[in-house]
Amino acid sequence: MAYSINPYHIQKSYLYQLYISDVMCQALESEIVAHEPLMEAVTNMAHHMVAKKHPAEHDIESKLSSLMSDLQQLKELTAERKLKLTDAVESQTVCCYFSTKFFTRHAVSITSSPIKDIPVTPK
C-alpha cells in the first residue's frame, strides 16, 4: 500500500503552528499592556526621587532610561513579530489554497485517466 503525502495537511499543520505563535504573541502584548500602570508608577516615583535630589539620582536616571529604552524595544519587537506572523499566515493560507487546488486537480486527473492494459507476466 502506497502512502501519499497531501501537501494540504502539511500546510494545515504549519498554519496551526502559526496560529499558536499568534496566540502567544497576543498574550505577550496583553502582558505588556497589563504592566503599563506599574511602569507608569515606577517612572513617576523615579522622577519624584530625582526631583527631590536623592543621593543616587544619577543611578536612578540611568536605570530609568535603560528601563524605558528596553520597554520601547520590547514593544517594537512585539509589533514587528505580530506583522511578520500576520504576513506568514496570509501567505500560507494562499499557498495552502492553491496547493490544495493543484493537488485535487491532479489527483482527479490521475484517477480518472484511462489506464492501458498492462500485461502481467507470471514469475
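The values are calculated or read from the model by the stated rules, or taken from the named source; none is laboratory data. Owing to the predicted nature of the structure, the values given are computational and were not obtained by experimental measurement. Heads up, the Cβs are rebuilt from the backbone with ideal geometry, glycines too, and the neighbour counts pull from every protein chain shown.
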Which listed residue is at pLDDT below 90, out of contact with any Lys or Arg (no Cβ under 6 Å at 6 or more places or on another chain) and assigned to a helix (DSSP H, G or I), from Val94, Val42: Val94
All positions within the stretch 36-76 that are of a type in the set (Lys, Arg) and farther than 25 Å from Cys25 by Cβ: Lys52, Lys53, Lys63
